[in-house]
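Participant: The structure's right below; bear with me while I get my questions together.
The values are calculated or read from the model by the stated rules, or taken from the named source; none is laboratory data. Since the structure is predicted, the reported quantities are computational estimates derived from the model, not experimental observations. A quick note on method: Cβ atoms are made from the backbone with ideal geometry, for glycine too, and the neighbour counts reach across all protein chains shown.
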Amino acid sequence: MLIIDQEKCGKDGICIEECPFFLLKPDADGIPEMIPGAEAVCLKCGHCLAVCPNGAITLEGVSPESCEPVPKQIPISAESISQLVKTRRSIRVYKDRPVPREVVEKLLETVQYSPTAKNLQPVHWILVDDRPKIYQMAGLTIEWLRKLNMVPDIIEAWDKGHDIILRGAPNLAIAHAAKNSINPAADCAIACTTLELTANSMGIGGCWAGYFMRASKNYDPLKQFLNLPNGHKVYAALMLGYPRFKYHRIPPRQALKVRWL
């Protein structure tokens, strides 16, 4: 699982200290090695591979040379991150054109680096850019709400031609995962949050599809439409599209609710 290039190893112990579960120790010559039984516990997170300044570690066949280097020429300021987060809005009015598939796939190439419990990376995606299908899923959600006599205002709006479920969005990203994963709800929520922020950096708006998410867990016709793998549930869903309108200011938030302990 772990190969150390002894000529490159600086014997600095950085990888030993960095390992989340202390699975490395120095051998008699100061070269890191895995402790007995480590293979069964290792998260394969790649921390040791990523942190080694000398490129001496190969993990599960992944060599330093095959990894993307961390760029030094792209500074990320606190101000730019603050602006990205503050300018994120829940977009509910979209331009008619869908986000091209290659753009959505590029977004997800970034999103796949989102953290997951024990690095299991359980998140799967269903991507939809077919508006009739999106409208059909909104309609199935309305069916579920109507059967339960929930939110009559939303049902009435639908009957009058106004889709408050999926807002006529040109794209829909659905995150699903196996129910028996360690924390699939958090993993999918983190992934969708990362997608929303990354999309914002590219001028693409997102909005969480809360009623659709609930219906996808509870309404059999919608479950059948989605045709998820056995044992999977939808844990997050995000409408996507180019905002029709531009926002010019950042409304304030409530005061922080903080207690230091």
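Participant: Which one of Leu172, Leu127, Leu107 is in a helix (DSSP H, G or I) and either assigned by TED's automatic domain parsing to the domain that holds Lys223 or hydrophobic (A, V, I, L, M, F, W, C) (or both)? Don't jump to the end; show me each part of the working.
Facilitator: Values: Leu172 fails: in a helix (DSSP H, G or I); Leu127 fails: in a helix (DSSP H, G or I).
Just a single option satisfies the conditions, and that option is Leu107.
Participant: Report yes if Lys86 is touching a strand residue (DSSP E or B) at 6+ places or on another chain (Cβ under 7 Å) and loosely packed, with under 15 Cβ neighbours inside 10 Å, otherwise no.
Facilitator: Spelling it out, it is not the case that Lys86 is touching a strand residue (DSSP E or B) at 6+ places or on another chain (Cβ under 7 Å) and loosely packed, with under 15 Cβ neighbours inside 10 Å.
Participant: Kindly check whether there is at least one residue in segment 168-186 that is within 30 Å of Leu84 (Cα to Cα), of a type outside the set (A, V, I, L, M) and free of Cβ contacts under 8 Å to residues at least 12 places away in the same chain.
Facilitator: no
Every residue, every condition in (1) among the charged types (D, E, K, R); (2) touching an Asp or Glu at 6+ places or on another chain (Cβ under 9 Å), yes or no:
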position: Phe22; (1), (2): no, no
position: Asp29; (1), (2): yes, no
position: Ala40; (1), (2): no, no
position: Pro53; (1), (2): no, yes
position: Ile57; (1), (2): no, yes
position: Val70; (1), (2): no, no
position: Ser77; (1), (2): no, no
position: Arg97; (1), (2): yes, no
position: Pro100; (1), (2): no, yes
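Participant: Could you tell me whether segment 211-230 includes any residue that is without any contact (Cβ under 8 Å) to a residue 24 or more places away in the chain and either assigned to a loop (DSSP other than H, G, I, E, B) or buried (at least 21 other Cβ atoms within 10 Å of the Cβ) (or both)?
Facilitator: yes
Participant: Let me ask another. Suppose the filter is in contact (Cβ under 8 Å) with a residue 40 or more places away in the chain, closer than 17 Å to Met239 by Cα and in a loop (DSSP other than H, G, I, E, B); does Leu197 pass it?
Facilitator: On the way: in contact (Cβ under 8 Å) with a residue 40 or more places away in the chain: yes; closer than 17 Å to Met239 by Cα: yes; in a loop (DSSP other than H, G, I, E, B): no.
No: the conditions fail for Leu197.
Participant: Which residues, taken from segment 1-38, are of a type in the set (Asp, Glu) and loosely packed, with under 13 Cβ neighbours inside 10 Å?
Facilitator: Glu7, Glu17, Asp27, Asp29
Participant: Being under 18 Å from the mean Cα position of the chain (by Cα), outside any helix (DSSP H, G or I) and modelled with pLDDT of 95 or more is the requirement here; does Ala255 meet it?
Facilitator: Considered against the rule, which asks whether it is under 18 Å from the mean Cα position of the chain (by Cα), outside any helix (DSSP H, G or I) and modelled with pLDDT of 95 or more, Ala255 comes out as no.
Participant: Among the numbered conditions (1) in the same structural domain as Val93 (by TED's automatic domain parsing); (2) surrounded by 11 or more Cβ atoms within 10 Å (Cβ to Cβ); (3) not in a helix (DSSP H, G or I), tell me where Tyr247 comes up short.
Facilitator: Every listed condition holds for Tyr247 apart from (1).
Participant: Considering only segment 179-199, state which residues are more than 13 Å from Leu108 (Cα to Cα) and under 15 Å from the mean Cα position of the chain (by Cα). Don't jump to the end; show me each part of the working.
Facilitator: Going residue by residue through segment 179-199, those that are more than 13 Å from Leu108 (Cα to Cα) are 179-187, 189.
Within segment 179-199, Asn183, Pro184, Ala185, Ala186, Asp187, Ala189 meet the criteria.
Participant: Quick one: how many residues across segment 60-76 are in a helix (DSSP H, G or I) and in contact (Cβ under 8 Å) with a residue 24 or more places away in the chain?
Facilitator: Residues meeting the conditions: 0.
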